[in-house]
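One structure is given below, encoded as structure tokens.
The values are calculated or read from the model by the stated rules, or taken from the named source; none is laboratory data. Note that the structure is a prediction, hence the values are computed from the model and not measured. All Cβ positions, even for glycine, are placed from backbone atoms using ideal geometry, and neighbour counts span all protein chains on display.
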Amino acid sequence: MTATIIDGKAAAAGVRARVAEIAADFAKRTGRQPGLATVLVGEDPASAVYVRSKGKATSEAGMASFSHKLPDTTSEAELLALVDQLNRDDAVDGILVQLPLPPQIDASRVIAEIDPAKDVDGFHPVNAGRLATGLEALVPCTPYGCLYLLKQQLGSLAGREAVVIGRSNIVGKPMALLLIGESATVTVAHSRTKDLPDVVRRADIVVAAVGRPEMVKGDWIKPGAVVIDVGINRIPTDDGKSRLVGDVDFAGASENAAAITPVPGGVGPMTIAMLLRNTVVAAHRRAAMPDPEGV
Ligand code: GUN
């Protein structure tokens, strides 16, 4: 079998186009655009690239983008003060504090300070708890994007065997909860899992989010499985340059899978699309309007 390559860029473009329609409708009805504030602390080049592309995508969707850049010497109190200010700013529907933060700042304290109604990352313990208990929540963008691709590919996920590799708060745990919500049978594997290849071999759905280049081998993939690769790992090449690879051996897995996401161009573009989606959803909920449809 040669796998279908799941085009995350195309799916993300579809979500972004729908978000732009919703944002325009919101602006017409309320007299203001939905707004997303991003906060970048320090000079990490990868974080700077991510935050810039989030801001650009926000503007392209017809939303207000508020960009805050703070020096890497910023104290926790200073960052908490900015978060408080954004919590109180009515033009701001979503607040995204880019992680990682410098070592003098406790990220969990900062996340806990964000108004859960504006927590478009879905990282606040209130949103994590709401997702875990099946209540309306803002859901972390990357796993929500993975779920979108899976449902696009498979339709109903009910009764399917899903294996999530990785147990992070940002991807693995919320991914498992979303799959349970879709009535899949879910196993969460991690660094201490015994016989990982055999665990993966029983999966109809594999979501790999471990951050280890090409760790999941092609012969672990059950014929006909759908593989979602969340990893983005930069590895050196023979010519002294580098390239991006996922957590899955793409060429090997493509021989067994029915469908697989590439790296880049798979899950990555979906993360930003879902951030925009969460922002328009947060704007509607804050304005006591029904959730927008079609995203
Ligand atoms: N750093 C890497 N990914 C993310 C993300 O999705 N949200 C935030 N806030 N920081 C990140």
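Miscellaneous remarks
- Glu78, sole failed condition from (1) buried (at least 16 other Cβ atoms within 10 Å of the Cβ); (2) touching a Leu at 6+ places or on another chain (Cβ under 9 Å): (1)
- Within segment 176-200, tally of residues that are free of Cβ contacts under 8 Å to residues at least 40 places away in the same chain, surrounded by 17 or more Cβ atoms within 10 Å (Cβ to Cβ) and not β-branched (Val, Ile, Thr): 6
- In the set (1) among the charged types (D, E, K, R); (2) in contact with a strand residue (DSSP E or B) (Cβ under 7 Å, 6 or more places away or on another chain); (3) free of Cβ contacts under 8 Å to residues at least 40 places away in the same chain, the condition left unmet by Arg160 is number (3).
- Scanning segment 37-49 turns up no residue that is at pLDDT 95 or above and farther than 26 Å from Gln98 by Cα.
- Pairs where the first residue, in segment 83-109, is within 17 Å of Ile272 (Cα to Cα) and the second is among the small types (Gly, Ala, Ser) and more than 16 Å from the ligand (Cβ to nearest atom), C-beta under 6 Å, 6+ apart: Asp93/Gly35; Asp93/Ala283
- Any hit, segment 176-183, residues being closer than 13 Å to Pro143 by Cα, modelled with pLDDT of 95 or more, small (Gly, Ala, Ser) and not in a loop (DSSP other than H, G, I, E, B): yes
- Residue satisfying all of: in segment 8-37; touching a Gly at 6+ places or on another chain (Cβ under 7 Å), of a type outside the set (Gly, Ala, Ser) and surrounded by fewer than 22 Cβ atoms within 10 Å (Cβ to Cβ); farthest from Gln152 (Cα to Cα) among these: Gln33
- Test: residue in segment 67-86 that is out of contact with any helix residue (DSSP H, G or I) (no Cβ under 8 Å at 6 or more places or on another chain), within 15 Å of the ligand (Cβ to nearest atom) and of a type outside the set (A, V, I, L, M): yes
- If only residues of segment 120-154 that are within 17 Å of Ala282 (Cβ to Cβ) and touching a strand residue (DSSP E or B) at 6+ places or on another chain (Cβ under 7 Å) are counted, the one that is nearest to the ligand (Cβ to nearest atom) is Asp121.
- The residues on offer are Ser75, Ser59, Ser53, Ser65, and the sole one that is under 17 Å from the mean Cα position of the chain (by Cα) and among the polar types (S, T, N, Q) is Ser53.
- Checklist (1) part of a helix (DSSP H, G or I); (2) buried (at least 19 other Cβ atoms within 10 Å of the Cβ); (3) more than 13 Å from the ligand (Cβ to nearest atom); (4) not hydrophobic (A, V, I, L, M, F, W, C) applied to Lys54, failing item: (3)
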